[in-house]
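The values are calculated or read from the model by the stated rules, or taken from the named source; none is laboratory data. Quick caveat, the model's predicted, so the values are computed rather than measured. Cβ sites come from the backbone with ideal geometry, for glycine too, and all protein chains shown count toward neighbours. Protein only, heavy atoms only, side chains kept; ligands, DNA and RNA dropped before computing areas. Shrake-Rupley method; radii C 1.70, N 1.55, O 1.52, S 1.80 Å.
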Amino acid sequence: MSTLRGRNFLMAPGPTNIPDRVLRAMQRPAVELSTPSFVDLCRSCVGDLEKIFKTTSRVFIYAANGHGAWEAALVNALSPGDRVLVPETGMFSALWSRMAKSLGIVPEPLPGDWRHAVDPNRVEERLRADSGHGLKALLLVHTDTATGITCNVQSVRAAIDAARHPALLMLDSVASLAATDLRTDEWGIDVALGASQKALMAPPGISFIAVSEKGLAAAGDSTFPRLYWDWHKRSSDQWYDWFCGTAPEHLVFALRAALDMIIEEGLDAVFARHQRLADMVRAAVRTWAEEGGVELNARVAAEQSNSVSTVRVNEPNLAHAINLLCRDQLNVSLGGGLGQLEGRAFRIAHMGDVNEPLILGALASVEAALELCAVPHGRGGVRAAIDSLTASLAGPGSLSTRAAGSPG
């Protein structure tokens, strides 16, 4: 039994903090599935997910985590033996590729170094070389939580268009949805998928897919056997088919509350908050990096994620020590390194139900852990985060500006 007092600072990149309001939404009795109020609630969730995906196309909800959404996307839009291009940006592009291979799809990796986003020029070059259009889709991870890298989806779409290639653009937006602007229709994304446990602030176990008309047409040609994942079945007018059986009622209640909170805050304000908090973390890490003991994994500023920051530690064994010290003594739960970064990095998430005091407290704890683990680091990371915060809040029309002009 833990002897740590107070609430744990959950700074791992999924599951993230679940607001009390969302937790309370699940504290209610089950309802009969065909109750009009529950059917309407499900419809309202789909409608608001369309707003967050920024699409007018179909959105499907699954009682599954993000890996389930991966499989649903693959078995609906593709067929066994299809070839797909998979730009490598980190652990999750590799895992999605592995799943595709297990289903009989043939993935072709576009190798990366786990420190940079997708190079659209390489995408265009490879697609131009595919003159027979054997590649049926491109599997792209928007934000990889292992590497802390966010790809520029528009540039990848432009590369596909420049190559005049008909490949589907399939996007994993699990870690970016509701943290980073995503414009499914405007950016020409054919299949976009997300999940509940990241920036959407809901419990794990529910996922979503937004599908374009082109994606739905591809599903009509798919030869994969499927029932539970099937988009056609889930497009039925019968409410029972929307979830292919019993709906995960209490997860839907939680999702409804989380969507309410996002809509009340305003989607642009949600994006701005994630940017502000991410900037605070990056400012701290840049200061710590001055002594050479740590550094941000993502090398290019424009590619650094607003969902999670991956921090490399030059002495590999010390990354694990920092994680354990923060968890067991300071009550701060960080993410560990994954894949190529296992044992070489820790991760600070800044998505979902997170605010400035939580970030400052977590950064202070990490800075203390760096000191206790004798990791060379520049002092004043928390001060740098405060400077980043105050600069972002001091602009025209900000709270600080209005407060300064208020009568005494």
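Accessible surface of LYS233, taken over heavy atoms with a 1.4 Å probe and every protein chain present, rounds to 60 Å². Legend: residues HIS250, HIS320, HIS350, sorted from most to least accessible area (1.4 Å probe; ligands, DNA and RNA excluded), read HIS320, HIS250, HIS350. Which residues does the label zone of ARG5 cover in region 304-340, counting backbone N under 20 Å from a point 7 Å along Cα→Cβ? Residues 326-333 fall inside that zone. DSSP beta bridges confined to the chain are antiparallel in about 55 percent of cases. Taking amide H as placed 1.01 Å from N in the peptide plane, the amide H of VAL308 sits under 5 Å from that of HIS350, each at least 5 places away or on another chain. For ARG83, nonlocal amide neighbours, meaning residues 5 or more places apart or on other chains whose placed amide H falls under 5 Å from its own, are VAL106, LYS136. Among the GluC sites (Glu not before Pro) in region 102-203, which ones are in a DSSP loop with at most 15 other Cβ atoms within 10 Å of the Cβ? Mind listing them? Of the GluC sites (Glu not before Pro), the ones in loops of region 102-203 whose Cβ has at most 15 other Cβ atoms within 10 Å are GLU186. Put a dot 7 Å past the Cα of VAL31, heading toward its Cβ, do the same for CYS244, and the two dots end up 2.5 nm apart. The modelled label-to-label distance for the pair GLU371/VAL300, using points 7 Å beyond Cα in the direction of Cβ, is 3.7 nm.
Scalar couplings 3J(HN,Hα) for region 195-203, obtained by applying the Karplus form with A = 6.51, B = -1.76, C = 1.60 to θ = phi - 60°, are 8, 7, 8, 10, 6, 6, 6, 10, x Hz; x denotes Gly and Pro. Here LYS136 is the anchor, and the lysines within straight C-alpha reach of less than 16 Å, apart from those fewer than 8 places off in the same chain, are LYS101, LYS214. In terms of packing, defined here as the mean over residues of other Cβ atoms within 10 angstrom, the peptides 149-162, 67-80 line up highest first as 67-80, 149-162.
Computed with the Debye formula from one identical point scatterer per Cα of region 230-339, without solvent, the log10 of I(q)/I(0) at q = 0.18 Å⁻¹ comes to -0.99.
Shown for the chain are the DSSP H helices of 27 Å or more along their axis, judged by Cα atoms, with a mean Kyte-Doolittle hydropathy of at least 0.0: 267-288. Measuring only protein heavy atoms, the 1.4 Å probe finds ASP40 accessible over about 90 Å².
Normalised per residue, the accessible area of the chain is 41 Å², obtained with a 1.4 Å probe and no contribution from ligands, DNA or RNA.
With 0.36 nm allotted per residue and the present C-alpha distance subtracted, the LEU267-LYS51 stretch has 76.8 nm of extension available. For the chain, the share of accessible area belonging to carbon and sulfur comes to 54 percent (1.4 Å probe, ligands and nucleic acids excluded). Could you work out the helix-only [θ] at 222 nm for the chain, with each DSSP H run of four or more residues adding -39,500 (n - 2.57) and the total divided by the number of residues, to the nearest 500 deg cm²/dmol? After summing the helix terms and dividing by residue count, I get -13000 deg cm²/dmol.
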